[in-house]
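Below is one structure; the comments refer to it alone.
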Amino acid sequence: MKISQHTKISTLIKEHKSAIDIIASINPHFKKLQNPLLRKVLAPRVTISDAAKIGGISVETFLSKLKTIGFEIENDTEETSQKEEIIMDKSNVLSFDVRELLAGGTDPFKAIMEKIKILKKGQTLEIINTFEPIPLINVLKSKGFIAEVERKNDLVYTYFQKVEDAEINVSESTCTSENNFDDVYKTYIGKMEHIDVRHLEMPEPMTTILEKLETLPEGFCLVVDHKKVPQFLLPELKERNFDIFYNKIDEHNIQLLIRRA
């Protein structure tokens, strides 16, 4: 199989299972691909070029490792990359460190969206965190932003910049009406599975929920005890054709009901 910088990681793994271990050996950041759930979430969205940037290595280094297990490399990969890559201007950066919010158990999604709303023309938003915010990147890319990830001193710096002339809607995602929760809940009595993710640190609640949904029996729903409405999870559920309902018990306890649409 011929590959290039544009080949998705999921394509590599589907073609050659040993690609998982080869990629994991390139950089410690790629070891998460050995986790089946994280692999399902990340691999379909990340290209070889994206992965090289995340790991702080060249595309050629990445491709040369894959060549050892039989992949063929297309010519002029680096030249094509230079032509198509959009250079991000970081001369005017609005920085936002979300670690304190996360440590306090607060979902930073709403605060990030507020920063996006006040972002000036030509300004770049810098999000400082300890892990790569793949769901946030997906949400903002769909709203007309380009993203770039850098790793320095065990921290992850994710940069977002508006694409010129893109029409952007940064309104917060919402669940299905809270008023429907009880009615829907009643229809699944005897056909529901339950998990509690309130004790987990981000991004484990999202990955745990997605993993559980992978094995959800036909006709069943998943009931989740959560600390908050998981805004980053909503686009992932929509893409997988799930509906989500919620019941706010108190300020730090939200019950979610997730079912196949």
Checklist line | Sole exception among (1) more than 22 Å from Leu102 (Cα to Cα); (2) modelled with pLDDT under 80; (3) part of a loop (DSSP other than H, G, I, E, B) for Asn179, by number | finding: (3)
Notebook entry, point to check: Among helices (runs of 4 or more DSSP H) lying entirely in the stretch 68-133, which contain 1 or more residues that are modelled with pLDDT of 90 or more?
Noted result: 99-103, 109-117
Checklist line | Ile244, sole failed condition from (1) modelled with pLDDT under 80; (2) more than 30 Å from Ile87 (Cα to Cα) | finding: (1)
Margin query: Of everything in the stretch 15-46, what is within 25 Å of Pro203 (Cα to Cα), surrounded by fewer than 17 Cβ atoms within 10 Å (Cβ to Cβ) and either modelled with pLDDT of 80 or more or assigned by TED's automatic domain parsing to the domain that holds Pro135 (or both)? Give them in sequence order.
Written below: Asp21, Ala24, Ser25
Check: How many residues, within the stretch 149-159, are touching a helix residue (DSSP H, G or I) at 6+ places or on another chain (Cβ under 8 Å) and closer than 22 Å to Met206 by Cα?
Finding: 2
Check: Gln231 versus (1) at pLDDT 85 or above; (2) within 22 Å of Asp97 (Cα to Cα); (3) of a type in the set (S, T, N, Q): which is the lone unmet condition?
Finding: (1)
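The values are calculated or read from the model by the stated rules, or taken from the named source; none is laboratory data. None of these values were measured; they are calculated from a predicted model. Counting neighbours? That spans all protein chains shown, and the Cβs are built from the backbone with ideal geometry, glycine included.
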